[in-house]
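The next block holds one structure in the form of structure tokens; read it before the comments.
The values are calculated or read from the model by the stated rules, or taken from the named source; none is laboratory data. The shown structure was predicted, so the numbers you read here are calculated from the model rather than taken from an experiment. As a convention, Cβ positions derive from the backbone with ideal geometry for all residues, glycine included, and neighbour counts pool all protein chains shown. Keep in mind that these areas ignore ligands, DNA and RNA; they rest on the heavy atoms of the full protein, side chains included. Shrake-Rupley method; radii C 1.70, N 1.55, O 1.52, S 1.80 Å.
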Amino acid sequence: MLHLQPPRPPHGARTHCAMAAETHVPTGARLQMDYEAKIFAHTGGYGRYNRIVVVFSWFPNFAVMLNLFSDVFYTLIPDSYHCIPDPQLLPSAFLPSNFSRQGYLNLTIPWLEGAGLSHCELFKYPPNTSDLSHNEPRERVSCTRGWEYVHSAGLQSNFVTEWDLVCSDYWKIPLQHICFMTGWILGYILLGTLCDWLGRRWGFLLSISLSCLLGVAVCLSSSAVVFLLLRLSQGAMLAGVLLSSYIARLELCDPPHRLMVAMVSGFFAVFAELLLPGVAVLCRDWPILQSVVTLPLLLLLPYWCCASVFPESPRWLLATAQIPRAKRSLQEFSTRNGVCLRDEIYPGETLLSELDSAYGEDCRPNYHSVLELRETRVIWKNCLILSFTLFIGTGIQYCFTRNLHGYSTNFYFSYFLRVFTGALACIFICLTVNHFGRRGILLLSAIITGLSSLLLLALTQYLRGGLVLVLSVVGLLFSQALAMLSVFFACEVMPTVVRGGCLGLVLAAGCVGMAASSLMELQNNSGYFLHHVIFASFAVLSVLSIMLLPESKRKPLPDSMKDGENQRRPPLFLSRPDRDNLPLLRTPPSMSAYNPDNYSRLVSATRKMLTKENLPYRISVPAHFPLLPGSETQGQDDETLGAAVI
């Protein structure tokens, strides 16, 4: 048997796993840096199967947004409400049948100038009086028999009317929204980290299952406290669904398609917002609406048994050195994309052979967490800046929408105007970001948002209503663009090994900005001016911090912590074209005699050739070689040779 041994590497050369172990770099870092060109292209690139998976990842975005924006209708205060008249507070001789309904209400409920009937008080008459005129002294007391509500928009019964959360219990309405946002904050942080440990698919499946269960439980809420707790828990699970699907979607795309894929998911959110008012009018009651918005989540449960519609991200598998699973995932993607990717040596070396040689058999999965950001500089800085911009983009929207109320008190006017500006923000990002870069458009959005806010803050009392409306719409448009682009930018610049946790921190900061508006309502808008001043100042300050971000346009996603740390911001100003940048002495780089990639391929090829059962050639050798041939054997050989000569 001919024994072929793979050649040893030159002196000083080491395999990838050995180098990774000695330098404490995650295994396979060399291949992670070239994922887009070296691995992604060999599996079909952004092929047919990748597009199908991306389409299926848009549906969770629609389902989550239905549940998110339904909170607006659950906490909508009716346009008009007043106390139900209490006959026990009227004189004993009083007969309601002698009065019309409006006259009866005028006698029992105080009238407030400019506001109509009082929302929280009733008249209490002396028991033996017969004079019901205004000259008779009457005592004002709180409502004793509940409230009567008049709805002109949204649901006929909601969280407010179900448990009479008005007057002295009004504070429970903004508290409900704060609890809901708190659930989203916890979900983004915890489930984002879970996506880095268990994977995008398992994080998604766990979140979607629990969100369905909690969504059904919300329909059965028996008290306001139970409703608050269930909404908090459901918000956490909805955050996990949104985060895992967003990350998985972008990790399946190449750089030219990432922006469009992300923005299409934004249009799914806009469609959910447009559809929700009509659904609310048809449902009329909040339990029915909750059942309807939970139904799309239930339709996502088949993702459990259909792994092909939401597979695990092969990029994450490779980044965490889960080689057997990564090979199976790459084979599935290549097969479904119509690319032949077989684990064989002939007709040539394949991608799977390179993975075997680069990672080896002793490499174990290597997981990371956001706690490792303490040891980084660039990743932590990018995470902090984008969290700041998203916090501003979501928090300052309250300032612009509140100015819209001064122009029109109609609920549908401000609602649909916000949806319309959200759609325009998506279109604006699609048309500009790929041409001018992420950082440039993010900077422009922050500048226009800050200027609009400052002008409204300083000149509202001197401007006409039309100009206030225009500034509010422009500010709302670019603040939404600032928020959308911050999320997309963060997903691009964060490394794959901690992308879930880092993006969760950024999105959690955005939820803090959304909860800031409820804090103002909790204090009856007494701190609105200070709220506006703070966010306008933050918007101006963000302009300086955005300049410190790198540019991710047409660049591959970073996979390892080292890739994330190697990102650098482009120069503020372009260098002069006529400037000579060539060095005085140009020396070509020395070529190394040893290439670890070529050596690893040779080792893999030799090992697979030796393990082949049917080789393309056959080597025949004697069964044994005699060390000392005898004279008899030698004589027979001489006779055979002589016969051949004759």
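Checking each residue in segment 277-316 for being surrounded by 23 or more Cβ atoms within 10 Å (Cβ to Cβ), under 21 Å from the mean Cα position of the chain (by Cα) and assigned to a helix (DSSP H, G or I) picks out VAL293, THR294, LEU297, PRO314, ARG315, TRP316. Going by the structure shown, is GLY154 among the small types (Gly, Ala, Ser), in contact (Cβ under 8 Å) with a residue 60 or more places away in the chain and either over 30 Å from GLN523 (Cβ atoms) or crowded, with 16+ Cβ neighbours inside 10 Å (or both)? Yes; evaluated as a whole, the condition is true for this residue. Applying the set (1) part of a helix (DSSP H, G or I); (2) open to solvent by less than 10 Å² (accessible area, probe 1.4 Å) to ALA321 leaves exactly one unmet item: (1).
Being in contact (Cβ under 8 Å) with a residue 60 or more places away in the chain, in a helix (DSSP H, G or I), open to solvent by less than 10 Å² (accessible area, probe 1.4 Å) and among the hydrophobic types (A, V, I, L, M, F, W, C) is true for just one of VAL72, VAL53. Which residue is that?
Details: VAL72 fails: open to solvent by less than 10 Å² (accessible area, probe 1.4 Å).
Checking each option against the conditions leaves just VAL53.
Every residue, every condition in (1) among the β-branched types (Val, Ile, Thr); (2) under 27 Å from HIS368 (Cβ atoms), yes or no:
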position	(1), (2)
GLY475	no, no
GLY500	no, yes
VAL512	yes, yes
GLY527	no, no
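When GLY203 is tested against (1) under 30 Å from LEU250 (Cβ atoms); (2) open to solvent by 20 Å² or more (accessible area, probe 1.4 Å); (3) touching a Ser or Thr at 6+ places or on another chain (Cβ under 7 Å), just one condition goes unmet, and that condition is (2). Which one is nearest to PHE69 (Cα to Cα) among residues in segment 164-178 that are part of a helix (DSSP H, G or I) and open to solvent by 30 Å² or more (accessible area, probe 1.4 Å)? The selected residue is HIS177.
Listed by position, the helices (runs of 4 or more DSSP H) inside segment 490-582 whose residues that are acidic (Asp, Glu) and either closer than 27 Å to ARG258 by Cα or at pLDDT 90 or above (or both) number at least 2 are 561-565. Exactly one residue out of THR401, THR394 is polar (S, T, N, Q) and under 19 Å from the mean Cα position of the chain (by Cα): that is THR394. Can you name every residue in segment 211-223 that is assigned to a helix (DSSP H, G or I) and surrounded by fewer than 19 Cβ atoms within 10 Å (Cβ to Cβ)? If the condition is that a residue be assigned to a helix (DSSP H, G or I) and surrounded by fewer than 19 Cβ atoms within 10 Å (Cβ to Cβ), then LEU213, VAL216, ALA217, CYS219 are the ones that fit. In the set ASN410, ASN403, only one residue is open to solvent by 10 Å² or more (accessible area, probe 1.4 Å) and closer than 18 Å to ARG464 by Cα; that residue is ASN403.
Answer yes if at least one residue in segment 188-205 is at pLDDT below 95, under 17 Å from the mean Cα position of the chain (by Cα) and on the phi > 0 side of the Ramachandran plot, and no otherwise. The answer is yes, given that some residue of segment 188-205 is at pLDDT below 95, under 17 Å from the mean Cα position of the chain (by Cα) and on the phi > 0 side of the Ramachandran plot.
Can you tell me which of ASP343, ASP362 is among the charged types (D, E, K, R), modelled with pLDDT of 60 or more, surrounded by fewer than 18 Cβ atoms within 10 Å (Cβ to Cβ) and assigned to a loop (DSSP other than H, G, I, E, B)? The conditions single out ASP362. Taken over segment 105-124, the residue count meeting the criterion of being modelled with pLDDT of 80 or more, open to solvent by 10 Å² or more (accessible area, probe 1.4 Å) and within 50 Å of the chain's Cα centre (by Cα) is 6. Taking the condition without any contact (Cβ under 8 Å) to a residue 60 or more places away in the chain and either in a helix (DSSP H, G or I) or of a type outside the set (Lys, Arg) (or both), does THR401 pass? When the stated conditions are applied, THR401 does not pass them. Scanning segment 136-163 for residues that are under 42 Å from the mean Cα position of the chain (by Cα), modelled with pLDDT of 85 or more and assigned to a loop (DSSP other than H, G, I, E, B) gives LEU155, GLN156, ASN158, TRP163. The residues listed here are GLY437, GLY422; of these, the one that is at positive phi, open to solvent by less than 30 Å² (accessible area, probe 1.4 Å) and either of a type in the set (Asp, Glu) or within 21 Å of the chain's Cα centre (by Cα) (or both) is GLY437.
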